[in-house]
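Structure first, then comments.
The values are calculated or read from the model by the stated rules, or taken from the named source; none is laboratory data. Note that this is a predicted model, so its numbers are computed, not measured. Methodologically, a virtual Cβ is constructed for each residue, glycine included, from the backbone with ideal geometry; neighbour enumeration extends over all protein chains shown.
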Amino acid sequence: MSVVLEAKNIVRDYQLPGGLFSKGGVVHAVKGVSFSVEKGKTLAIVGESGCGKSTLARILTLIDPATSGDLFIKGKKVDITKGDLTKDLRREVQIVFQNPYGSLNPRQKIGDVLTAPLVIQGNVPADERRERAMMMLKKVGLGEEHYNRYPHMFSGGQRQRIAIARALMLNPSLLVLDEPVSALDLSVQAQVLNLLADLQDEFNLTYVFISHDLSVVRYIADEVMVMYFGEAVEYGTREAVFADPKHDYTKTLFAATPKADPASIRARLARKNAA
Amino acid sequence: MALLEIENLVVEFQTTTGMFRAVDGVSLKVDQREVLAIVGESGSGKSVSMLAVMGLLPWTAKVTADKMTFNGRDLLTLSDAERRKIVGKDIAMIFQEPIASLNPCYTVGFQIEEVLRFHLGLGRKERRARAIELLTAVGIPNPAERLDSFPHQMSGGQCQRVMIAMAIACNPKLLIADEPTTALDVTIQKQILDLLVKLQAEHGMGMIMITHNMGVVAETADRVVVQYKGRKMEEADVLSLFENPRSNYTKALLAALPDNATGDRLPTIADYFKDGSEIAGAAVS
Ligand SMILES: Nc1ncnc2c1ncn2[C@@H]1O[C@H](COP(=O)(O)OP(=O)(O)O)[C@@H](O)[C@H]1O
Ligand SMILES: Nc1ncnc2c1ncn2[C@@H]1O[C@H](COP(=O)(O)OP(=O)(O)O)[C@@H](O)[C@H]1O
Ligand SMILES: [Mg+2]
Ligand SMILES: [Mg+2]
């Protein structure tokens, strides 16, 4: 098994600008997080808003630098502040965001959305770009007829398929998905999760899947990391974390997640009738 | 007599391309002390049907029903003035976005006291005392000091507590909660749901819990209405719904829950309608 992504002690501080009467402060958004993900596997990162998930996602996808710590992609150390960010590395790691509305340019046709990464990469002729975009559209469950349409003509679930298609255009090995199904209806969520599973099987993709929804995490993850105020308070295989959570926060999170099985409903109704 | 009774509610919107039917013949009842959940995916007409009850839809909406009564009073023929006396007092509503629902320019104390002044005509001192009592009831620490806070100085969960305080200020008979925890983290969601259920039981209110989340239904409801594209697909008590769903749509929704996954792919709605039957035609009640 080869490790695609390794993070060692990643720290990210945000410097807040000082005002006339206030001294600028520091937000410690990520406080020394370490993990590694093997090829073809899914690491799920779970935690509540503000715990540093998106900050970490931007560091992993080489959009923002870490304040300190080391990042290795396929065993090679990458520091974007030192000019390590080659075209090839850019290709290797892609990101999909939560909001299927905000992440697509409303004036760009879907065909152009999908071919743009190839244009930037260079040396792919126009007809091949078109062909590869058409193929990708079909891969994510859309059709050739969608090629010339604009984002507003698509539903939320379809837009998320487009965002996934765009991320896959350059054959990345690592996909970081920042709450990719959080804005979707249950039935659409199921379709997108199935699509991600199909694509992972076909291309042996490695996923970092960020979510605040434990039931989705339990379904999709091989390994789970729980974040709390910038720290990884729990990290292990899915089986270990769900069977025997160690940290109090993980236990609180499990206890707070609504249970929709008949036994739990029966227990609640019994408590209610007793009161 | 049911607290709220709706028969064959239809809501249509005037749009540039003609009339759009957002609610299509929905009937439901809520009794005193009962929690009814209305569950469905986005756009299924959950909010619109409740806004119709409250008389809060824009003029482009055409509302008809065979019956719409609250506590025996006909809501269809109510004048605006009469309706204003009921809405916010006997029927109260809380919404998804707590921060957007509060006025950013006024302290939370002022906003709670305004409800008490308008509906109950309480004097200054009584209002203040009652506002403190309400913030205490919804679990806000240091209530007396908190009255002077502005909404942006509070977290999303605290703002939702303030909204709940305003909603229960006049001891409503019916509380309509429209996705009250959708914008909140799960640990905060748990606290807010527990609070709502506790207040509902203590005050003997009827409650309508609107949600798209089956977990929220399971944790709060006595009875459930499942809605899809403006139509009622199924109505059942909460245990029957989860144990023995009857409509194909409910079956599909439950199967799509990752917790219920059996294989390595999730069933989708389409899997339940392979024979091409129109979902809307498959309603049961
Ligand atoms: N650009 C920024 N400047 C200052 N603080 C930030 C910035 N981005 C995020 N933060 C802060 O860092 C923390 C982590 O945020 P984020 O990574 O977005 O969390 P999550 O995605 O888990 O909700 C929060 O306290 C947030 O307010
Ligand atoms: N003011 C309006 N004008 C036109 N259509 C509307 C209006 N309000 C809601 N709708 C439409 O009515 C349908 C039901 O909406 P709504 O009740 O808000 O759904 P939900 O079940 O998500 O609460 C949707 O298709 C929505 O776009
Ligand atoms: Mg985030
Ligand atoms: Mg709604």
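Quick look at the numbers
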item	result
Positions within the stretch A:233-275 being facing chain B (nearest Cβ under 7 Å) and either among the aromatic types (Phe, Trp, Tyr) or touching a residue at least 40 places away in the same chain (Cβ under 8 Å) (or both), in sequence order	A:Leu253, A:Thr257
Within the stretch A:49-63, considering residues that are polar (S, T, N, Q) and part of a loop (DSSP other than H, G, I, E, B), the one farthest from ligand 2 (Cβ to nearest atom)	A:Thr61
Qualifying positions in the stretch B:212-233 - away from ligand 4 (no atom under 16 Å from the Cβ) and touching a Pro at 6+ places or on another chain (Cβ under 7 Å)	B:Gly215, B:Ala218, B:Glu219
Whichever residue in the stretch B:193-209 is within 11 Å of chain A (Cβ to nearest Cβ) and over 12 Å from A:Pro258 (Cα atoms) and, among such residues, is surrounded by the fewest Cβ atoms within 10 Å (Cβ to Cβ)	B:Glu202
Checklist (1) within 14 Å of chain A (Cβ to nearest Cβ); (2) outside any strand (DSSP E or B); (3) within 30 Å of A:Lys272 (Cα to Cα); (4) within 16 Å of ligand 4 (Cβ to nearest atom) applied to B:Met50, failing item	(1)
Residue within the stretch A:2-14 that is closer than 22 Å to A:Leu205 by Cβ and of a type in the set (Phe, Trp, Tyr) present	no
Residue match in the stretch B:75-84 (condition: at negative phi and either in contact with a Ser or Thr (Cβ under 7 Å, 6 or more places away or on another chain) or near ligand 2 (Cβ under 10 Å from one of its atoms) (or both))	yes
Residue identified as of a type in the set (Ser, Thr, Tyr) and away from chain A (no Cβ under 14 Å) among B:Thr187, B:Thr182, B:Thr136	B:Thr136
Pick from the stretch B:20-47, criterion within 12 Å of ligand 4 (Cβ to nearest atom) and charged (D, E, K, R), ranking: nearest to the chain's Cα centre (by Cα)	B:Lys46
When residues of the stretch A:188-227 are limited to those that are under 13 Å from the mean Cα position of the chain (by Cα) and of a type in the set (Ser, Thr, Tyr), the one farthest from the other protein chains (Cβ to nearest Cβ)	A:Thr206
Helices (runs of 4 or more DSSP H) completely within the stretch B:210-276 that count 2 or more residues being more than 10 Å from chain A (Cβ to nearest Cβ) and modelled with pLDDT under 95	B:248-255
Residues that are more than 14 Å from chain A (Cβ to nearest Cβ), more than 16 Å from ligand 2 (Cβ to nearest atom) and either crowded, with 21+ Cβ neighbours inside 10 Å or β-branched (Val, Ile, Thr) (or both), drawn from the stretch B:22-47	B:Val30
Residue satisfying condition, being away from chain B (no Cβ under 14 Å) and either within 16 Å of ligand 2 (Cβ to nearest atom) or farther than 20 Å from A:Leu85 by Cα (or both), within set A:Val27, A:Val46, A:Val11	A:Val27
Selection from the stretch A:242-257 of residues that are assigned to a loop (DSSP other than H, G, I, E, B) and either among the basic types (Lys, Arg) or within 10 Å of B:Thr187 (Cα to Cα) (or both)	A:Lys246, A:Thr257
Test set (1) closer than 20 Å to A:Gly156 by Cβ; (2) more than 8 Å from chain B (Cβ to nearest Cβ); (3) of a type in the set (Gly, Ala, Ser) - A:Gly230 fails condition number	(1)
Counted residues, the stretch A:135-187 - those being more than 20 Å from the chain's Cα centre (by Cα) and of a type in the set (Asp, Glu)	2
Boolean, A:Val176 is of a type in the set (Val, Ile, Thr), surrounded by 22 or more Cβ atoms within 10 Å (Cβ to Cβ) and out of contact with any Pro (no Cβ under 9 Å at 6 or more places or on another chain)	yes
In the stretch A:97-134, residue modelled with the lowest pLDDT [restricted to those that are farther than 22 Å from A:Glu179 by Cβ and among the polar types (S, T, N, Q)]	A:Gln121
The stretch B:161-184: number of residues that are free of Cβ contacts under 8 Å to residues at least 60 places away in the same chain and surrounded by fewer than 20 Cβ atoms within 10 Å (Cβ to Cβ)	1
Selected residue [part of a helix (DSSP H, G or I), in contact with a Leu (Cβ under 7 Å, 6 or more places away or on another chain) and among the hydrophobic types (A, V, I, L, M, F, W, C)] from A:Val113, A:Val27	A:Val113
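Every residue, every condition in (1) closer than 23 Å to A:Phe254 by Cβ; (2) surrounded by 15 or more Cβ atoms within 10 Å (Cβ to Cβ); (3) of a type in the set (D, E, K, R), yes or no:
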| residue | (1), (2), (3) |
| --- | --- |
| A:Gly24 | no, no, no |
| A:Ser36 | no, no, no |
| A:Lys39 | no, yes, yes |
| A:Ala44 | yes, yes, no |
| A:Gly47 | yes, yes, no |
| A:Leu56 | yes, yes, no |
| A:Ile63 | no, no, no |
| A:Ala66 | no, yes, no |
